[in-house]
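Read-outs: derived from the displayed coordinates by stated rules, not from any lab. Just so you know, these numbers come straight off a predicted model, no measurement behind them. Note that we place each Cβ from the backbone using ideal geometry, even for glycine, and neighbour counts take in every protein chain shown.
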Ligand code: C5P
């Protein structure tokens with residue numbers, strides 16, 4: 001049996017640089033990963049099965065075309081391997097929420113299958129599978145801090161901030177990535193700078209925040225609430241939203257924010273963790 005964590009993905013900055021002819025947008029983004037997320041268990045079995053459990057499972061109920069099963073099928077096709085697998089997904093992070101969700105699950109499935117078949121995690125065929133499954137999947141397969149270019153799949157690892165306390169907050173609304181991108185105003189506001197990660201992230205922005213807030217104004221309320229917390233290093237929406245996060249200078253500051261946010265927005269989804 002193989003267990004994998006689908007580490008939640010954060011975009012410390014996300015600059016949209018242009019619209020492409022293929023329906024995607026040209027990005028520059030700083031990916032970082034959280035030491036927590038959905039959990040996947042894979043085991044050889046007589047027949048394929050896929051079970052979803054956990055606090056966020058209901059949102060996926062009845063969805064036949066899950067990215068996990070697509071990753072399983074694509075892997076078997078590309079590596080020409082047989083053998084049924086029983087997969088359990090413990091869904092702990094909300095779907096359609098800007099922190100990888102399905103992409104991280106698909107990536108964890110690829111990592112687990114690679115381990116099961118003794119295939120190197122850097123095998124180009126594995127990366128190819130990841131790119132076909134989604135723009136964020138290659139970043140999630142590696143789950144290291146990286147600058148992403150292209151549609152997010154062209155990665156350059158950068159020095160990370162491992163151990164930095166983080167709090168993720170989702171107001172309980174889902175937003176469609178495609179609808180948020182479609183509302184981007186088409187203005188290129190410039191590149192991500194070079195140098196220290198936190199400095200670059202702070203000087204940067206998430207260009208999808210304005211369009212996401214237009215669809216779900218509650219995102220603005222969550223950002224304001226996080227900004228009001230003490231000792232934050234960075235407050236930002238991740239991906240196309242609606243999950244927002246704050247990095248903190250200390251564990252105590254993060255834990256105080258967990259209490260503050262729980263009190264102010266008891267219905268929100270919260271996850272306290274640290275960066276990988
Ligand atoms: O690649 P993925 O399937 O995760 O992307 C979902 C949708 O998000 C795409 O269909 C596209 O509308 C939008 N997208 C984009 N530019 C990117 C990544 C995603 O427009 N770089």
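The fewest-to-most ranking of 129, 56, 244 by surrounding Cβ atoms within 10 Å reads 56, 129, 244. Short-range pairs are left out: with C-alpha atoms under 8 Å and at least six residues apart, the relative contact order of region 1-160 is 30 percent. Between 0 and 90 degrees, the angle of helix 124-133 with respect to the longest Cα principal axis of the chain falls at about 60 degrees. Evaluating kT/(6 pi eta Rh) at 10 °C and 1.306 mPa s, with the Kirkwood radius of region 119-276 over Cα pairs in the Stokes-Einstein relation, gives 94 µm² s⁻¹. Among 108, 45, 130, determine the one that fluctuates most according to a GNM of the chain built with springs between C-alpha atoms less than 10 Å apart. Comparing 108, 45, 130 in the GNM, the peak value goes to 45. Between residue 255 and residue 47, the simple spin-label model (points 7 angstrom out along Cα→Cβ) gives 4.9 nm.
A straight chain from residue 262 to residue 154 at 0.36 nm per residue would run longer than the Cα-Cα distance by 35.2 nm. The residues 3, 46, 131, when put in order of fewest to most other Cβ atoms within 10 Å, stand as 46, 3, 131.
Extension gain for residue 231 to residue 176 (0.36 nm times residue separation, less C-alpha to C-alpha distance): 16.6 nm. If you fit an axis through the alpha-carbon atoms of helix 101-116 and take the longest principal axis of the Cα set of the chain, what angle between them do you get, 0 to 90°, nearest 10? That works out to roughly 40 degrees. Seen against the Cα atoms of the chain and their longest principal axis, helix 218-227 is set at about 70 degrees. Sequence-distant contacts, meaning Cα pairs under 8 Å at least 6 residues apart, place the relative contact order of the chain at 24 percent.
Looking at region 140-179, the pairs of alpha carbons with a distance over 16 Å make up 60% of the total.
Over the C-alpha trace of the chain, radius of gyration and Dmax come out as 18.1, 54 angstrom. Here the label points at residue 82 and residue 128, each 7 Å from Cα along the C-beta direction, are separated by 2.3 nm in the simple model. Each helix, a run of at least 4 DSSP H residues, gives -39500 (n - 2.57); summed and divided by the residues of the chain, these come to -9500 deg cm²/dmol at 222 nm.
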